[in-house]
1. Of all residues in segment 170-194, how many are touching a helix residue (DSSP H, G or I) at 6+ places or on another chain (Cβ under 8 Å), closer than 28 Å to Glu119 by Cα and not aromatic (Phe, Trp, Tyr)?
2. Can you find even one residue in segment 387-398 that is β-branched (Val, Ile, Thr) and on the phi > 0 side of the Ramachandran plot?
3. Quick check on my filter: what residues within segment 63-76 are in contact with a Lys or Arg (Cβ under 9 Å, 6 or more places away or on another chain) and of a type in the set (Ser, Thr, Tyr)?
4. In this structure, is Ala326 hydrophobic (A, V, I, L, M, F, W, C), open to solvent by 20 Å² or more (accessible area, probe 1.4 Å) and farther than 30 Å from Leu228 by Cα?
5. Determine which single condition Asn155 fails, assuming it passes every other condition in (1) within 16 Å of ligand 2 (Cβ to nearest atom); (2) touching a Gly at 6+ places or on another chain (Cβ under 8 Å); (3) not small (Gly, Ala, Ser).
6. Cβ-Cβ under 8 Å, sequence separation 6+ or interchain: first residue in segment 187-214 and farther than 16 Å from Ala165 by Cβ, partner basic (Lys, Arg) and within 10 Å of ligand 1 (Cβ to nearest atom). Which pairs?
7. Looking at segment 166-176, is at least one residue at pLDDT below 95, of a type in the set (A, V, I, L, M), away from ligand 1 (no atom under 16 Å from the Cβ) and buried (at least 20 other Cβ atoms within 10 Å of the Cβ)?
8. Looking at segment 350-368, is at least one residue closer than 22 Å to Cys187 by Cβ, more than 16 Å from ligand 2 (Cβ to nearest atom), in contact with a helix residue (DSSP H, G or I) (Cβ under 8 Å, 6 or more places away or on another chain) and not in a loop (DSSP other than H, G, I, E, B)?
Amino acid sequence: MNTIITEDIKTHDEARQGEAFAPLVLENNALKKRFYIESYGCAMNFADSEVVASILNTNGFAATQNTEEADLIFLNTCSIREKAEATVRKRLTEFRKLKKSNPGLLVGVLGCMAERLKEKFLQEEKLVDLVVGPDSYRTLPGLIEEAETGQKAVNVLLSRDETYADIAPIRLNSNGVNAFVSIMRGCNNMCSFCVVPFTRGRERSRDANSILEECNDLFETGYREVTLLGQNVDSYHWIATPTQATGGNYKEAVTFAELLEKVALISPLLRVRFSTSHPKDITDEVLFTIAKYENICNYIHLPVQSGSSRVLQLMNRTYTREWYIAKVNRIREIIPNCGVSTDMITGFCTETEEDHQESLSLMEYCKYDLAYMYFYSERPGTLAARRFKDDIPEEIKKRRLQEMVDLHRIHSLQSMQKDVSKTFEVLVEGFSKKTTDDLQGRSGQNKVVVFPKGDYKKGDYVMVKIDSCTAGTLLGTPVK
Ligand code: SAM
Ligand code: SF4
């Protein structure tokens, strides 16, 4: 295990890895064929699976959660760390038996691992029939037809403009309250450790009107929270095409702060979250927009990766420790009580004990409410793999990670304890995991809150006074 497990589903929820998806409502007997899809990695991948479900559905496939009745099995994969890829390879071997009993069954690999390995995947994993990169999902129907004739089908072309803007995602395994809305794709940052720019291509922003339409539809159908997703949401910048601009009643370009505001204005009853922010790009304008609207949640995921300026430079993060700290101070100045979370990597190339201590002291300063922590995993083709030696032994990487996890545990418990006796507005997401006598939801700061059910139901906003807490949950009582 190289990450901390949390109850949060903000960007990368370990508990949801490999989750089999079935939609909320998608029972159509006219659809004779069945697809099964499992998703790995970040929220972007989970959102992509909903686009894939929509494309398959309009092409004659209904979803199933049962691999045994599937005609088509897809794994939507992640390449971010070696372990993520190993999990997918192991899962693939489990389909061997199914293929024997059902020779017509097709197995496809989607997403980042497909993009990274391309045709090589077919040679390495003989049971795979389709390899489809994240920008090629529109071609799935044709690729499936090709694979049905017994040929292997591959499309891993990356695009400069594909955003799937016009495709209405089919919400999979949804609680009907929270939904992910993808606002951009790809990434132009070249963090030296990261494979994403190679697997997801150039950054592009989705048409703001289509985002607003999707959020509006979600609200109309009862959803009460949207999370706007991108690898680097703060660099969202959508420019209308000239024809739209001349005929339209909107400005030519939309920034992230403007988009946030537009989504917030759909209804005060629609909560807005977003992820992920790159510290170099989040602006005061965004912070003031969050402060201005009650329904934009006071929570920012601001990955730092390391507390050492020397390591940050090798990582190509384009900021220093001091610069990052100033950004956190600014967030807390403009949005008091803002929840802040981060991502951290231990054991990056050349990291010394002093560098590691700097990471710990930065965490001590920031006292994150939540942290996703990983040890460095070299990814082939990345800048770091080409330029630097992966020279920190695994046991040292893991020891440093453990020290970091232990420190964060103290901070996250302190963060929970700080909330005891305060009152928060909680959006109810369903029953608590332990009993149907209690409901569970989240505060604006993204903390899980459990309280007695009373007459409340999913989708309600409830003011809850916090009586006590555990390491991961606030326990409270509704107040009128
Ligand atoms: N775009 C986001 C950002 O800039 O922080 C997150 C991208 S990535 C999907 C999520 C996290 O995985 C990163 O923030 C980083 O901490 C971690 N990560 C990425 N590459 C890694 C690697 N090679 N080894 C270990 N962790 C890695
Ligand atoms: Fe990877 Fe950096 Fe882009 Fe995040 S910002 S996806 S860490 S390259």
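The values are calculated or read from the model by the stated rules, or taken from the named source; none is laboratory data. Just so it is clear, the model here is predicted, and its values are computed rather than measured. Every residue, glycine among them, receives a Cβ derived from its backbone with ideal geometry; neighbour counts consider all protein chains shown. The protein model used for the area step is the full one, side chains on, heavy atoms only, and it has no ligands, DNA or RNA in it. Shrake-Rupley method; radii C 1.70, N 1.55, O 1.52, S 1.80 Å.
1. Total meeting the criteria: 10.
2. No, every residue in segment 387-398 fails to be β-branched (Val, Ile, Thr) and on the phi > 0 side of the Ramachandran plot.
3. Thr64
4. no
5. Condition (1) is where Asn155 drops out.
6. Cys187/Arg200; Cys191/Arg317; Phe193/Arg379; Cys194/Arg379; Val195/Arg379
7. Yes.
8. Checked segment 350-368: no residue is closer than 22 Å to Cys187 by Cβ, more than 16 Å from ligand 2 (Cβ to nearest atom), in contact with a helix residue (DSSP H, G or I) (Cβ under 8 Å, 6 or more places away or on another chain) and not in a loop (DSSP other than H, G, I, E, B).
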